[in-house]
Amino acid sequence: MTAQVSDNIFIDSQKHRLYCEPLESFWNYDNPKPAFVSPHTACWRGYIASWKIEGSKLYLTQIETENENLKMEKLFPDRQAPVFADWYTGELRVPQGEMTEYVHMFYQSTFESDLFLLADNGIILRRWVVHNQ
């Protein structure tokens, strides 16, 4: 497998890489994932999403995709950007510092540290840092 291009997340107005894919948990049986086209092997999901933490909430701010018919307005016709990510429950991994080990698979590379945020239906409950040195 190939290392993947990460989504982006803005925390306190600072842009970071996001080493997970919160949008993937939006798709389900009743809301199937659209047919995104992978532009290359480093983006199997077919899009790059941008996120932000505002207050204690996670928001989806943008989706970049090759398919003009799959922009945010089409995927979330009843919501305006930024879209509150009320579907997402789980950990968000935000790598920090320099990469210390490259792994050519998904988001397996190691960095000096990782910021983790625990979300429950889009609400950030907890933040912690893991030092990987």
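The values are calculated or read from the model by the stated rules, or taken from the named source; none is laboratory data. On a predicted model such as this, the values are computed, not experimentally measured, just so you know. All Cβ positions, glycine included, derive from the backbone under ideal geometry; neighbour counts span all protein chains shown.
Exactly one residue out of THR41, THR61 is surrounded by 12 or more Cβ atoms within 10 Å (Cβ to Cβ), of a type in the set (Val, Ile, Thr) and modelled with pLDDT of 85 or more, and it is THR61. Within the stretch 64-75, the set of residues being surrounded by 14 or more Cβ atoms within 10 Å (Cβ to Cβ) and of a type in the set (Lys, Arg) comprises just one member, LYS71. Of the residues examined, GLN62 is one that is out of contact with any Gly (no Cβ under 9 Å at 6 or more places or on another chain), farther than 22 Å from TRP128 by Cα, without any contact (Cβ under 8 Å) to a residue 40 or more places away in the chain and not charged (D, E, K, R).
Considering the conditions (1) under 19 Å from SER25 (Cβ atoms); (2) surrounded by 14 or more Cβ atoms within 10 Å (Cβ to Cβ); (3) of a type outside the set (Phe, Trp, Tyr), LEU125 is excluded by exactly one of them, (2). Restricting the search to the stretch 100-116, which residues are touching an Asp or Glu at 6+ places or on another chain (Cβ under 8 Å) and either modelled with pLDDT of 95 or more or among the hydrophobic types (A, V, I, L, M, F, W, C) (or both)? PHE111, GLU112, PHE116, listed by residue number. Is one or more of the residues making up the stretch 26-38 farther than 15 Å from LEU115 by Cα, touching a Ser or Thr at 6+ places or on another chain (Cβ under 7 Å) and not charged (D, E, K, R)? Scanning the stretch 26-38 turns up at least one residue that is farther than 15 Å from LEU115 by Cα, touching a Ser or Thr at 6+ places or on another chain (Cβ under 7 Å) and not charged (D, E, K, R).
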